[in-house]
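To start, the structure under review is shown below, and the notes come after it.
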Amino acid sequence: MSPMRKFGYAIGLAAWVFAGFMLAQLLAIGVVEFLKLLHIPLGAINTTVFNTLAAAMVYGMAIVIVLGVPWLISKKRTTLKDLGLQRLLSWMDILWAPAGAVVYLILTTLVSAAASVVLPFIDYAQKQDTGFSQLASQPEYLLAFVSLVIIAPFAEEILFRGYLFGKLRKHMSLWAAILVTSLLFGLVHFQWNVSVDVFALSIVLCLLRVVSGSLWPSILLHMLKNGIAFYFLFINPTVLSTLGG
């Protein structure tokens, strides 16, 4: 494959994953509007419950669209091996996660410092919009945890480090595949300061898949990162304000 064809393939595949992700959100909105037309009282549903169900629906549909449509159209099947899920979780996968966390902390510090010089207009103190606010009860905290720390990392790893990165690696160099995957992963978060951080995270997640030969370490590190963020955002937010002066 020529360099131009590789570039076109990378852009096309990244665009497809992005389109599938956005289409899933539009379909979810369509489902909600349809239910409203049927006069189903969605407003009576607890906001946290609704957001958790919506997130699960969006991620589920995104995976089905991104992986399923190519199979329906051209019979291009994506196997568990393609996704890096050909085997069960191992003890070594668990050990890779904290090691990756150390590398991620160093890398995100360096990338953020460089971004603050190159992109000075970004508000790096802006609070991340998680879709959850004003959690008031233990069940609500649990649902938000499930959505942000379990569902989101698992689905995003399948889409980005599993499907996108896995397919890019077959047609281009390692670092080109990492760059395309990480740029798109930052883009879909739609918040500058978050994008910078998850760009660095994605680089480590891609490398974890390469060195381990599996997607499990990436999933675990992603869950670990989101779990720590969940603690500081919802369980003990005063720590961040104290660190911020």
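The values are calculated or read from the model by the stated rules, or taken from the named source; none is laboratory data. As the structure is a computational prediction, the values presented were derived from the model and not from experiment. All Cβ positions, even for glycine, are placed from backbone atoms using ideal geometry, and neighbour counts span all protein chains on display.
Let's see how each residue does on (1) of a type outside the set (S, T, N, Q); (2) out of contact with any helix residue (DSSP H, G or I) (no Cβ under 9 Å at 6 or more places or on another chain):
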| residue | (1), (2) |
| --- | --- |
| Leu89 | yes, no |
| Met92 | yes, no |
| Val111 | yes, no |
| Ala115 | yes, no |
| Pro120 | yes, yes |
| Ser133 | no, no |
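Any idea which residue in region 33-50 is surrounded by the most Cβ atoms within 10 Å (Cβ to Cβ), counting only those that are part of a helix (DSSP H, G or I) and out of contact with any Leu (no Cβ under 8 Å at 6 or more places or on another chain)?
If we take residues in region 33-50 being part of a helix (DSSP H, G or I) and out of contact with any Leu (no Cβ under 8 Å at 6 or more places or on another chain), then Thr47 is surrounded by the most Cβ atoms within 10 Å (Cβ to Cβ).
Scan region 205-243 for residues that are modelled with pLDDT of 95 or more and among the polar types (S, T, N, Q) and the total you get is 4. Out of all the residues in region 1-17, which are under 19 Å from the mean Cα position of the chain (by Cα) and buried (at least 16 other Cβ atoms within 10 Å of the Cβ)? Scanning region 1-17 gives Ala10, Leu13, Ala14, Trp16, Val17.
Total residues in region 62-86 satisfying the condition of being touching a residue at least 12 places away in the same chain (Cβ under 8 Å) and either hydroxyl-bearing (Ser, Thr, Tyr) or closer than 12 Å to Ser212 by Cα (or both): the figure is 3. I need a count of the residues in region 68-122 that are closer than 27 Å to Trp216 by Cβ and in a loop (DSSP other than H, G, I, E, B). Selection size over region 68-122: 11.
Selection of region 1-58 for residues being aromatic (Phe, Trp, Tyr), within 28 Å of Ile150 (Cβ to Cβ) and free of Cβ contacts under 8 Å to residues at least 60 places away in the same chain yields Trp16, Phe34, Phe50. In region 168-183, the condition of being charged (D, E, K, R) and outside any helix (DSSP H, G or I) is met by at least one residue. Looking at Ala113, is it more than 22 Å from Val66 (Cα to Cα), in contact with a Phe, Trp or Tyr (Cβ under 7 Å, 6 or more places away or on another chain) and not charged (D, E, K, R)? Considered against the rule, which asks whether it is more than 22 Å from Val66 (Cα to Cα), in contact with a Phe, Trp or Tyr (Cβ under 7 Å, 6 or more places away or on another chain) and not charged (D, E, K, R), Ala113 comes out as no. Annotation note: Cβ proximity below 9 Å between a residue of region 146-173 that is more than 23 Å from Tyr9 (Cα to Cα) and a residue that is outside any helix (DSSP H, G or I) and polar (S, T, N, Q) (sequence gap 6+ or interchain) occurs for Ser147/Thr130; Leu148/Thr130.
For Leu89, work out the one condition from (1) free of Cβ contacts under 8 Å to residues at least 24 places away in the same chain; (2) surrounded by 13 or more Cβ atoms within 10 Å (Cβ to Cβ); (3) among the hydrophobic types (A, V, I, L, M, F, W, C) it doesn't fulfil. With (1) free of Cβ contacts under 8 Å to residues at least 24 places away in the same chain; (2) surrounded by 13 or more Cβ atoms within 10 Å (Cβ to Cβ); (3) among the hydrophobic types (A, V, I, L, M, F, W, C) applied to Leu89, the lone miss is (1). Considered as a group, the residues in region 129-156 that are among the polar types (S, T, N, Q) and not in a helix (DSSP H, G or I) include one that is surrounded by the most Cβ atoms within 10 Å (Cβ to Cβ), and that residue is Thr130.
When only residues in region 160-175 that are under 27 Å from Tyr124 (Cα atoms) and out of contact with any Gly (no Cβ under 8 Å at 6 or more places or on another chain) count, which is modelled with the lowest pLDDT?
Out of the qualifying residues, it is Trp175.
Looking at Ile235, Ile178, can you tell me which residue is within 25 Å of Thr48 (Cβ to Cβ) and of a type outside the set (S, T, N, Q)? The match here is Ile235.
Each row is one residue, and each column tells you yes or no for (1) over 17 Å from Phe185 (Cβ atoms); (2) modelled with pLDDT under 95; (3) not acidic (Asp, Glu).
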| position | (1), (2), (3) |
| --- | --- |
| Ala10 | no, yes, yes |
| Glu33 | yes, yes, no |
| Leu53 | yes, yes, yes |
| Gly60 | yes, no, yes |
| Val64 | yes, no, yes |
| Ser74 | yes, yes, yes |
| Arg87 | yes, yes, yes |
